[in-house]
Amino acid sequence: MALSQVAKIDVNQTIDQLTKLIKYDAKYIIQVANFTGYTLNRVGIHNNAEKWPLGSIFPNELAIGQFNCYSFSFAVNYQIQEGSGFIQLAASWPFPGISRINVGNIDQSGDSPAKEIWHDIDHSLNKSLFNEEDKSISNDSVIVNAYTKEVKSKNIWFYEIREN
């Protein structure tokens with residue numbers, strides 16, 4: 001079972017500053033830094049292995065889900081309240097020695113956009129999706145940057161959301 005927590009953040013903080021704020025108690029961490037004035041309202045989910053650990057995320061909030069498990073593979077669909085559109089975030093582990101991450105901006109509510117973005121990292125024949133490359137998308141409201149990193153032997157899937 002995942003442990004979830006939140007912390008208030010400032011739009012001027014860097015990702016490195018944020019990672020120093022948190023005590024990591026588990027091996028795997030999902031972090032979503034909402035540097036916007038928008039609420040990210042969870043409107044869809046796809047859980048293949050384990051469960052997406054975070055609910056809705058408020059403006060200027062860092063949401064953290066920490067867990068220990070053998071594997072996980074899931075995605076979420078967030079509606080941008082007070083803004084426009086939707087964003088999807090996906091994460092998966094393991095694929096022999098490789099963590100996987102993906103983002104999307106399918107403009108639709110429900111579970112299917114989350115499943116589609118998840119499907120891209122778990123089943124695509126495009127080898128570029130089977131690695132740790134940074135991902136980035138944008139829409140009229142936000143820019144999303146996603147990447148994986150290791151901090152003190154903890155694996156972090158980090159999603160940075162800023163106003164466009």
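For a quick check: with amide H placed at 1.01 Å from N, whose amide H comes under 5 Å from Asn48's, ignoring anything fewer than 5 positions away on the same chain?
Placed amide hydrogens put Ser73, Phe74, Ala75 under 5 Å from Asn48.
Give me the number: length gained by fully extending Asp25 to Lys154, i.e. 0.36 nm times residue separation minus the C-alpha to C-alpha distance, one decimal in nm.
45.6 nm
What spacing in nm lies between the two simple spin-label points modelled at Glu163 and Glu82, each 7 Å away from Cα in the Cβ direction?
In this crude label model, Glu163 to Glu82 measures out at 0.9 nm.
On a 1.4 Å probe surface of the protein chains, which of Arg162, Arg100 comes out largest in accessible area, and what is the full order?
These residues rank, largest area first, as Arg162, Arg100.
Any idea of Glu82's accessible area? Nearest 10 Å², probe 1.4 Å.
Surface accessible to solvent at Glu82 totals approximately 130 Å².
For the chain, how many pairs of lysine residues have a Cα-Cα distance under 21 Å, where the two are 8 or more positions apart or belong to different chains?
Step by step, the pairs that qualify in the chain add up to 21.
Label points 7 Å out from Cα along the Cβ direction at Lys51 and Cys69: separation in nm?
So the label points at Lys51 and Cys69 sit 1.0 nm apart.
Please report, as a whole percent, how much of the solvent-accessible surface of the chain comes from carbon and sulfur atoms (probe radius 1.4 Å).
Exposed carbon and sulfur together represent 48 percent of the surface.
Highest GNM mean-square fluctuation, the chain, Cα pairs closer than 10 Å: which of Tyr70, Tyr28, Tyr147?
Tyr70
The values are calculated or read from the model by the stated rules, or taken from the named source; none is laboratory data. Everything numeric here is computed off the predicted structure, so don't read it as measured data. Reconstructed Cβ throughout: ideal geometry from the backbone, glycine too, with neighbour counts over all protein chains shown. Ligands, DNA and RNA are excluded from the accessible area calculation, which covers all protein heavy atoms including side chains. Shrake-Rupley method; radii C 1.70, N 1.55, O 1.52, S 1.80 Å.
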